[in-house]
Amino acid sequence: MRILLICPFFPPENKIAAVRISKLASFWASAGHEVRVLTRDGADEGLIVPEHAGLTIHRVADPMMKAVSGVQSLKPKKPRPWHRAASVAYAIAMKFVWPDIYGRWAKAAGRHAAAWDWRPDVVVTSVGPFSALMLGSRLAKHFEAELAVDYRDLLSNSTYYPYGALRRRLDSSVERRHVSDAALLTTVSAPLADELEAAYGVPTVVVTNGYDPQDFAHLEYHPSSSELRIAYCGWVIPKRRDPLPFLSGVAELLRAHPDTRISVDFYGPHSAEVAAAIESLGLDAAVRQHGKVSHAESLQIQADSDALLLLLWNDPGEKGVLSGKVFEYIGAARPIIMTGLEDSAAGDLIRDNGLGVVSNDPAAIADALYAMAEEKSRTGRVQAPSLAEGTQFTRDAQSRVFLDALEAIV
């Protein structure tokens with residue numbers, strides 16, 4: 001089978017979306033299929049680019065990349081009033097860029113692919129962004145191939161949708177027109193699959209994210225001190241991934257047990273919300289922000305921590321969100337402390353498999369941290385979750401589910 005896989009994000013770009021797409025492409029090529037990836041050129045480094053005999057990668061320059069990167073590089077660690085005003089102005093300007101900032105790349109990528117003699121049997125387009133859906137639909141028609149849409153995230157129906165009602169109506173209409181051409185939809189959780197199938201009437205298969213055991217094959221948990229070490233790896237999204245419930249739990253722990261030794265390390269872009277919580281709760285000695293690290297460094301940090309922090313949005317729209325970070329944490333084999341919507345796919349996954357603690361209550365978080373600190377004080381380590389059957393959470397297992405669904409429509 002010849003598969004065209006479309007996504008703007010692909011290694012070496014260090015994004016969790018790029019991890020999902022690269023693992024799908026690698027597995028399908030290893031299974032004997034001919035896979036072409038259509039992606040952007042010139043993205044930042046951090047992930048290893050996969051290499052397989054059946055895999056070719058076509059990179060097309062993104063005209064907007066330098067401009068957007070330049071704006072983002074101006075963000076300071078401690079914003080001043082004019083920086084906030086500039087951020088607001090930038091957000092307003094983005095409302096008038098349609099369908100999104102990847103639109104010019106999508107047009108260039110479409111022209112590039114249309115010149116091929118090679119023709120795919122199926123076009124798999126992974127969304128968002130919105131322009132990836134439009135590009136995939138257009139190329140599927142051009143090649144007279146089946147179309148499969150991989151919803152890593154919802155688009156116009158998403159609880160994260162950033163624009164107003166009028167634009168949502170426009171985007172919803174365009175999305176429906178393109179999705180109606182698809183033979184298959186995939187998404188990361190059962191609640192999202194139910195929502196998509198009800199909205200569009202297209203058969204929808206759950207293909208969760210996962211972890212690659214090879215990523216952790218040479219990484220081991222080596223507790224280096226008696227201090228309880230908690231790590232967070234990723235973005236802290238303002239007003240959505242709220243660090244305050246967890247950090248309030250840390251503060252409560254230290255008030256009740258001032259001799260407890262604990263460190264909390266945030267790895268990712270600097271967060272004003274984390275900085276404000278550190279200051280207001282007096283946690284300067286216990287909590288630090290370290291900035292972005294490579295994917296390999298992130299995996300090492302995760303495997304070597306006593307426990308891992310997962311911040312999700314405490315909103316009903318988060319119910320079906322099951323990000324790749326959850327599975328990466330599972331692969332690290334360390335206990336997970338999750339805050340956000342407790343009655344959610346991520347919360348159920350963690351509770352049902354005994355992977356850690358799900359709570360927004362600072363007192364409950366403090367109790368869980370104290371139990372871990374006491375365990376480490378007694379034994380020198382924090383026990384790993386006793387996951388009975390972990391193979392279902394691997395990238396290969398989920399890539400196989402996706403491949404079976406593709407073979408059924410071609």
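Bear in mind these aren't lab numbers, they're just calculated from the coordinates by the rules spelled out. These figures come from a predicted structure and were not determined experimentally. FYI the Cβ positions are ideal-geometry reconstructions off the backbone, even for glycines, and counts take in every protein chain you see.
Restricting to DSSP loop positions (anything but H, G, I, E, B) with no more than 16 other Cβ atoms inside 10 Å of their own Cβ, which GluC sites (Glu not before Pro) remain in the range 192-236? Counting only loop positions with at most 16 other Cβ atoms within 10 Å, the GluC sites (Glu not before Pro) in the range 192-236 are 220, 227. Across the chain, the relative contact order, built from alpha-carbon pairs under 8 Å that are at least six residues apart, equals 16 percent. Ranking 37, 127, 108 by Cα position along the charge dipole of the chain, where only Lys, Arg, Asp and Glu carry charges on their C-beta atoms, puts 108 farthest toward the positive end. The orientation-averaged projection of the convex hull spanning the C-alpha atoms of the range 214-391 amounts to 9.7 square nanometres.
Could you give me the percent of Cα pairs per 10 Å distance bin for the range 297-359, shortest bin first, beginning at zero and ending with the bin that holds the maximum distance? Result returned by the calculation: 24, 56, 19, 1.
Shape analysis of the range 108-152 places it in the oblate category; the axes a ≥ b ≥ c from the Cα gyration tensor give an a/c of at least 1.5, with a/b not above b/c. GNM on the chain, alpha-carbon springs under 10 angstrom: the most fluctuating residue among 352, 304, 41 is 352.
Please work out the Cα convex hull volume for the chain and give it in Å³ per residue.
136
Highest GNM mean-square fluctuation among 382, 124, 19, for the chain modelled with Cα contacts below 10 Å: 382. Remark: relative contact order (the range 214-391) = 27 percent; criterion is Cα-Cα distance under 8 angstrom and separation of 6 or more residues. Note on the chain: Lys pairs 8 or more places apart or on different chains, Cα atoms under 20 Å apart, count 23. Most mobile of 306, 117, 315 per a Gaussian network model of the chain (Cα springs, under 10 Å)? Maximum among the listed residues: 117.
The range 321-410: which GluC sites (Glu not before Pro) are DSSP loop and have at most 15 other beta-carbon atoms within 10 angstrom? Of the GluC sites (Glu not before Pro), the ones in loops of the range 321-410 whose Cβ has at most 15 other Cβ atoms within 10 Å are 389.
Taking amide H atoms as placed 1.01 Å from N in the peptide plane, the amide H of residue 237 has no partner under 5 Å among residues 5 or more positions away or on other chains.
Straightening the chain between residue 177 and residue 218 buys 10.1 nm, computed as 0.36 nm per residue apart minus the Cα-Cα spacing.
To the nearest ten degrees, helix 395-409 and the longest principal axis of the Cα atoms of the chain are 20 degrees apart. For the range 189-275, the alpha carbon positions stretch 58, 36, 25 Å along the principal axes, listed from largest to smallest.
Relative contact order, whole percent, for the range 102-165 stands at 33, derived from Cα pairs under 8 Å and 6 or more residues apart.
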